[in-house]
Amino acid sequence: MGHFFPISSILLSIIICFVACSQVIVLVNAQTDNITQHSLTPINYDLYHSSGTLMEEIKALVHRHLDKLTMETMQAGNKGYSAGVTVVTYCQGREETDERSKFRILLSFGQHGRELITSELALRILSILSEEQFLPNMDRASSNSMLDKLVIKVVPMENLNGRKLVEAGDLCERRNGRGVDLNRNWSVDWGKKEKDYDPYEENPGTAPFSEPETQIMRKLAISFDPHVWINVHSGMEALFMPYDHKNTTPDGLPLERMKLLLEEVNHLHCQKRCMIGSGGGSVGYLAHGTATDYMYDIARVPMAFTFEIYGDGTASSNDCFQMFNPTDLSSYNRVLNDWAAAFFTIFKLGPYQLGELPSKASFSKLDKWVSIDEYLDGYLMERRNRYGKKMEVLELGMQEIRTYFRLFLLSSVLLMFMFCSRISKSKSSRPIVSAMPL
């Protein structure tokens with residue numbers, strides 16, 4: 001006769017086995033996570049400055065060269081979130097000359113917090129401009145003659161709040177201090193989402209220019225009115241022109257002048273390994289609401305670029321420091337030396353590329369016209385910046401305001417037309433008085 005085990009004993013055995021297996025799985029996962037954490041590349045502070053140290057070094061550099069450099073920090077805030085963007089201006093003989101008479105270049109670094117190498121490049125460029133460091137084989141006399149014709153504004157760290165999150169341990173963070181990607185927060189094709197949209201990577205914000213950092217950069221671009229804009233990133237080696245939101249480039253002469261300049265930089269400093277083309281047509285995905293597309297389409301910057309200065313394709317997807325930044329001294333110095341030289345080639349050749357064209361001031365006035373919608377977007381954003389929460393209480397829907405504004409313009413035109421018609425009628429109805437004496 002067979003032996004039968006009580007059902008309760010069998011259930012107890014199954015439960016004990018299940019608990020034991022669960023413990024093993026937890027231990028294995030913990031060990032795997034531990035190994036992964038240890039395998040991630042930390043920030044190498046023997047090579048890289050902290051954000052605070054880097055900005056202090058730039059401040060000290062400016063104070064040592066007040067004849068060439070000035071520095072200001074622009075502040076903005078929106079709905080309880082505030083940010084500051086530091087701008088360094090290089091201009092020889094700045095007290096004697098008008099910035100508007102010179103060729104103007106605007107450079108932005110550190111728009112994504114995890115791309116530390118870009119802000120290191122900003123410091124290197126400023127050090128060379130102030131003649132505390134020099135490029136190999138640099139002719140100082142010809143360099144000074146060339147730089148005398150330029151005004152260069154450098155934003156060393158556009159996304160300071162995001163950079164601090166990276167330094168606190170979130171090495172893959174590219175967004176600002178409240179989770180918005182600053183390079184998706186501009187107005188050209190804003191808010192459109194591709195099939196592979198990743199909200200962690202590409203959150204565009206609640207509206208175009210919802211973020212203080214982009215508000216500041218827009219204000220800077222419009223007031224400075226540059227001839228050249230370069231947004232500096234890392235992740236690969238590339239020289240991009242518009243557009244990011246579609247797989248096309250500008251037509252005709254604008255394309256030719258940008259392409260010729262990028263091909264020269266690629267030949268001299270990338271050994272032809274840098275990708276050249278539109279951002280949207282070269283990267284493999286479209287990006288909507290980017291700074292470079294705004295600079296070219298709305299701010300009317302004649303030459304607008306995005307430079308990608310470094311990328312490690314062998315790094316694992318979660319090892320962001322290694323993926324976006326060189327980790328050894330040799331690579332670090334090579335990137336800074338090669339790309340600093342590339343920027344000085346831009347400084348030298350940029351004015352010549354536009355030399356055959358009329359100046360920006362002589363472009364058709366129609367180029368500077370903006371739509372009612374663009375005007376109101378800018379006006380309301382300035383009002384929000386100025387009055388903060390007081391404006392939020394009175395805020396109306398943008399569509400309603402635009403409608404009222406259009407109705408006001410239409411009624412003004414109709415009233416003017418009626419007024420002119422009355423005057424014309426009153427003149428024609430007066431009796432004709434003879435000029436002959438009676």
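Dipole of the range 63-216 computed with +1 at Lys/Arg Cβ and -1 at Asp/Glu Cβ about the Cα centre; of TYR197, PRO212, ILE125, farthest Cα towards the positive end is PRO212. Charges were assigned to the Cβ only: +1 to each Lys and Arg, -1 to each Asp and Glu. The resulting dipole of the range 90-158 about its Cα centre is roughly 200 debye. Each peptide among 74-86, 55-67 gets the average number of other Cβ atoms lying within 10 Å of its residues, and from highest to lowest they stand as 74-86, 55-67. Applying Stokes-Einstein at 37 °C and 0.692 mPa s to the Kirkwood radius of the range 193-316, computed over alpha-carbon pairs, gives a translational diffusion coefficient of 213 µm² s⁻¹.
Of the two radii for the range 37-78, the radius of gyration is 1.19 times the Kirkwood radius, both from the alpha carbons; that is the Rg over Rh value.
The Cα-based radius of gyration and maximum Cα-Cα distance (Dmax) for the range 148-229 are 14.5, 48 Å.
If we sort 257-266, 205-214 on the protection proxy, mean other Cβ atoms within 10 Å, highest first, what's the order? Write out the running numbers ahead of the final one.
On the way: 257-266: 19.0, 205-214: 22.6.
Highest to lowest by the protection proxy: 205-214, 257-266.
When +1 charges are put on Lys and Arg Cβ atoms and -1 charges on Asp and Glu Cβ atoms, the dipole computed for the range 57-124 relative to its Cα centre reaches about 180 debye. Each label point was placed 7 Å from the Cα along the Cα-to-Cβ direction; for SER142 and LYS195 their separation is 5.2 nm.
Dividing the convex hull volume of the alpha carbon atoms of the range 89-186 by its residue count gives 129 Å³ per residue.
Given 0.36 nm per residue, what is the gain on full extension from SER101 to SER223 after removing their alpha carbon distance, in nm?
Values: separation 122, 0.36 × 122 = 43.92 nm, distance 1.42 nm.
Length gained between SER101 and SER223: 42.5 nm.
Compute the length gained on full extension between TYR285 and LEU40: take 0.36 nm times their separation in residues and subtract their Cα-Cα distance, giving the result in nm to one decimal. If you can, show how the numbers build up before the last one.
Working: separation 245, 0.36 × 245 = 88.20 nm, distance 2.68 nm.
Taking 0.36 nm per residue and subtracting the Cα distance, the gain is 85.5 nm.
The equivalent ellipsoid that matches the C-alpha gyration tensor of the range 238-282 spans semi-axes of 18, 13, 5 angstrom, in descending order. The charge dipole of the range 135-184, taken about its Cα centre with unit charges on the Cβ atoms of Lys, Arg (+1), Asp and Glu (-1) only, comes to about 160 debye.
A short reminder: the numbers here are calculations on the coordinates, not readings from a lab. Computed from a predicted model, the values in this text were never measured in an experiment. Using ideal geometry, Cβ is built from the backbone for each residue, glycine included, and neighbour counts are taken over all protein chains shown.
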